[in-house]
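Report on one structure; see the data block that follows.
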Amino acid sequence: MNKVLYVHAKGGPPVGHALTRVAARSAVHLLALSELPSSVASDAARLCASVVTPLDARGGDLVELITARAREVGADAVLTFSEYAVVAVAEASRRLGLRGAGPAAALARDKRLMRAAWKRRGIPQPRFRAVTSAAELERATIELSCPLLLKAAWSAGSTAHQIIERPADAPAAWQRSRAVMAESALLGFAELHVPGASEDFIVEEIVRGCAEEWFDGPGWGDYVSVEGVVVDGEFRPVCLSGRMPTVAPFTERAGITPAAVGSEAQHTIVDLARQAVDALGLENCGTHTEIKLGREGRMWVIETAARFGGAMTVPQIEEVFGLDLVGMFTDQLLGGSPAWPARALTPEDATGAAGSLVVLAVQGDGTPWPRRHRWDASAVVRSAPVSAGSTLSVVRESSLPDGAPVPVYEPAAGANTMAGLCLLSADRPQSVVSDFTALVDALPRILPTDATEGARP
């Protein structure tokens, strides 16, 4: 039987979902660089041939650690679904002579290298500058047109995003973003392979989106992601995922599969995603490419990644299109030829729709909740105002335990301040958007008040 070394770290699809599907295709040896959720730990012991947890994955040569463990177990493939381990796993696979993302994996991780590659190809994107110091950031605010968005080059989940309205805002934004990256590292949300990655940033002009010209119904955000895979250097699109509007500055609130855009618009979007992925020179990996949608057909590539979309994107695709992306990708790394879609799938190909909502202490209009609350998954499922044909559940391994205080939303911390993750199944994409819009408004009424905290200042 084939053997796979599964490298687990923070981020990506729920490890419980992914692990069962890898184990169905091969013997699994788990290298856990981050602590497993308590709900998954017992399953991991049952599903895996071995489970190893290094004492300090950041304290030595991570590539050598992965390579050595792969040799010990005789791995036929090494995989990860975590943003923070993609580069290390790609390099380890290269050293072992196994299929992987290849030597260009860092281009799909470091936003500075990514944007430079796109600039050489003339791919539309916001104007940007790479910055490594407060002085460089201040110069960039003069060279570019405000408002600007400062973001960490190696971050994920909208962490350390800061809007700079005018040059005078630059020093405070720089200090806050660097502090958030340091805090994120303590939580395990940081690049595991590249030393000093938390010190690297880019700043970019904020382009104006327009969801109304791309979607028929209300409530959609002005960007989409193209989910796909690279097979021996060839990009294979799978589908489009839509979004609800972000929470300021640009924290994702909800993802919906499929995105309800017309076939002509989808073709245009997928073509731009293909250009963006091809420019990076990847070999074998999942892809997740975010594209901003503007007026009169304008588009800008925001970023891409050499892994599948995080949160519940992968389970959503499996539910509505019947594609087990994790299992198919495992087969691909093991030398197989899984039946990837011949084209990007559309809402007409789907059986219903699915979406995931990140619970943040922010109302629908972007204002903070007036009072503190405690998380209660059962209350959310029981009282959520969803449509008669919709089904809501809570992803417990991605949510706080019941009774925990809901964190105050911190714009610079992004998804680090989430309380829970909800999954919804519905008859069509617009139903997901409508149900989530209603749920966001209802959450402060559904969740119990945290009496020990009193009113929010």
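The values are calculated or read from the model by the stated rules, or taken from the named source; none is laboratory data. Quick caveat: nothing in here was measured; it's all calculated off a predicted structure. A quick note on method: Cβ atoms are made from the backbone with ideal geometry, for glycine too, and the neighbour counts reach across all protein chains shown. Just so you know, the surface numbers come from the protein's heavy atoms only, side chains and all, with ligands and any DNA or RNA stripped out. Shrake-Rupley method; radii C 1.70, N 1.55, O 1.52, S 1.80 Å.
Starting with the highest mean, order 19-28, 36-45 by the number of other Cβ atoms within 10 Å, averaged over the residues of each peptide.
On the way: 19-28: 20.2, 36-45: 15.3.
Result, highest mean Cβ count within 10 Å first: 19-28, 36-45.
Could you tell me which of rounded, prolate or oblate describes the range 96-140, using a ≥ b ≥ c as the square roots of the eigenvalues of the alpha-carbon gyration tensor, with rounded for a/c under 1.5 and, failing that, prolate when a/b is larger than b/c and oblate otherwise? Note, shape of the range 96-140 comes out oblate.
Please give the per residue accessible area of the range 178-316, computed with a probe of 1.4 Å over protein heavy atoms only, in Å². Present the calculation step by step, with values, prior to reporting the outcome.
On the way: 4830 Å² over 139 residues.
Heavy-atom SASA per residue in the range 178-316 reads 35 Å².
Taking amide H atoms as placed 1.01 Å from N in the peptide plane, the amide H of Val131 lies under 5 Å from those of Phe201, Ile202, Val203, each 5 or more residues away in sequence or on another chain. Here the range 3-98 is described by how far its Cα atoms reach on the three principal axes: 32, 26, 21 Å, from widest to narrowest.
Backbone geometry of the range 380-396 corresponds, through the Karplus equation with coefficients 6.51, -1.76 and 1.60 at θ = phi - 60°, to 3J(HN,Hα) couplings of 5, 5, 6, 10, 4, x, 9, 5, 4, x, 9, 10, 10, 9, 10, 7, 5 Hz, x marking Gly and Pro.
Peptides 327-338, 75-86, 150-161 ranked from most to least packed give 75-86, 150-161, 327-338, packing being the mean of other C-beta atoms within 10 angstrom over each peptide's residues. Over the chain, dividing the summed -39,500 (n - 2.57) contributions of all DSSP H runs of at least 4 residues by the number of residues returns a 222 nm mean residue ellipticity of -9500 deg cm²/dmol.
Go through Ile163, Ile142 and list them by solvent-accessible area, largest first, probe radius 1.4 Å. Walk me through the numbers before you get to the answer.
Numbers: Ile163 65, Ile142 135 Å².
Of Ile163, Ile142, the descending order of accessible area is Ile142, Ile163.
Can you name the helices of the chain, as whole DSSP H runs, whose Cα span along the helix axis is 24 Å or more and whose Kyte-Doolittle mean is not below -0.5? Membrane-span-like by this criterion, though nothing is claimed about a membrane: 170-187, 429-446.
With a/c under 1.5 counting as rounded, go ahead and sort the range 127-205 into rounded, prolate or oblate using the C-alpha gyration tensor (a ≥ b ≥ c being the square roots of the eigenvalues; past the cut-off, prolate if a/b is larger than b/c, else oblate). Prolate shape, in that a/c is at least 1.5 and a/b is the bigger ratio. Across the accessible surface of the chain, with the other protein chains kept in place and a 1.4 Å probe, carbon and sulfur atoms take up 50 percent.
The heavy atoms of Val394 present about 30 square angstrom of accessible area, all protein chains included, probe 1.4 Å.
How big is the dipole moment of the chain about its Cα centre under a simple scheme where the beta carbon of each Lys and Arg is +1, that of each Asp and Glu is -1, and everything else is neutral? Debye, nearest 20, please.
Details: 43 positive and 52 negative charges, 102 e Å.
Value, rounded to 20: 480 debye.
Per-residue Karplus couplings for the range 162-169, computed as 6.51 cos²θ - 1.76 cosθ + 1.60 with θ equal to phi - 60°, are listed in order as 9, 8, 10, 6, 8, x, 5, 7 Hz, Gly and Pro entered as x.
By definition, a body whose alpha carbon gyration tensor gives a ≥ b ≥ c is oblate when a/c is 1.5 or more and a/b is not larger than b/c, and the range 172-327 fits this oblate description.
When Glu199, Glu296 are compared by accessible area at a 1.4 angstrom probe, the order from most to least is Glu296, Glu199. Residues whose amide H comes within less than 5 Å of that of Glu303, counting only those at least five positions distant or on another chain, are Glu290 (H built at 1.01 Å from N in the peptide plane). Averaging 1/r over each pair of different alpha-carbon atoms in the chain and inverting the result gives 22.3 Å, the Kirkwood hydrodynamic radius.
Filter the cross-link list Lys10/Lys111; Lys10/Lys292; Lys119/Lys151; Lys3/Lys151 down to pairs whose alpha-carbon distance in this structure exceeds 30 Å. Walk me through the numbers on the way to the answer.
On the way: Lys10/Lys111 19 Å; Lys10/Lys292 26 Å; Lys119/Lys151 18 Å; Lys3/Lys151 38 Å.
In this structure, Lys3/Lys151 exceed 30 Å between Cα atoms.
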